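Trainee: Structure in structure tokens, see below.
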Amino acid sequence: MSQIKVTVTQEDIDNGARNSHNSCAIALAILREFTPTIGVSVVRTNVIVNCVRYKTSIRARKFVKSFDKGKVVKPSTFIFKSEE
């Protein structure tokens, strides 16, 4: 099982699009930290990076939900573990 560590910065939060699976704050952090990236998709239960599916933690799910609702979120670091 592989994993990735992603740090979401304030810049990612400021530039992220709410309710967007490929340009939200977490997606922007992944695109910034893992280049080249073929594709990114973030939903509440998983993150897909370069065709590999990673499970999100409860904390990451809360971050996505709060971000999408327009609530204040703070820079955070998340570890996503692959489902393979």
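FYI, it's all coordinate maths here, none of it is from the lab. Since the structure is predicted, the reported quantities are computational estimates derived from the model, not experimental observations. Counting neighbours? That spans all protein chains shown, and the Cβs are built from the backbone with ideal geometry, glycine included.
Trainee: Among the residues of segment 70-84, write down those that are closer than 18 Å to S41 by Cα and more than 13 Å from the chain's Cα centre (by Cα).
Mentor: Across segment 70-84, the qualifying residues are S82, E83, E84.
Trainee: Which of the residues that make up segment 39-64 are free of Cβ contacts under 8 Å to residues at least 24 places away in the same chain and in contact with a Lys or Arg (Cβ under 6 Å, 6 or more places away or on another chain)?
Mentor: Within segment 39-64, R44, R61 meet the criteria.
Trainee: Let me ask something else about it. Can you name every residue in segment 43-71 that is among the hydrophobic types (A, V, I, L, M, F, W, C) and farther than 18 Å from T7 by Cβ?
Mentor: Once the filter is applied, which keeps residues that are among the hydrophobic types (A, V, I, L, M, F, W, C) and farther than 18 Å from T7 by Cβ, segment 43-71 yields V43, I48, C51, V52, I58.
Trainee: Have a look at I26, I4, I38 and point out the one that is of a type outside the set (F, W, Y) and within 9 Å of the chain's Cα centre (by Cα).
Mentor: It is I26.
Trainee: For segment 65-78, does any single residue satisfy the condition of being aromatic (F, W, Y), in contact (Cβ under 8 Å) with a residue 40 or more places away in the chain and within 15 Å of S20 (Cβ to Cβ)?
Mentor: Yes, the conditions are met somewhere in segment 65-78.
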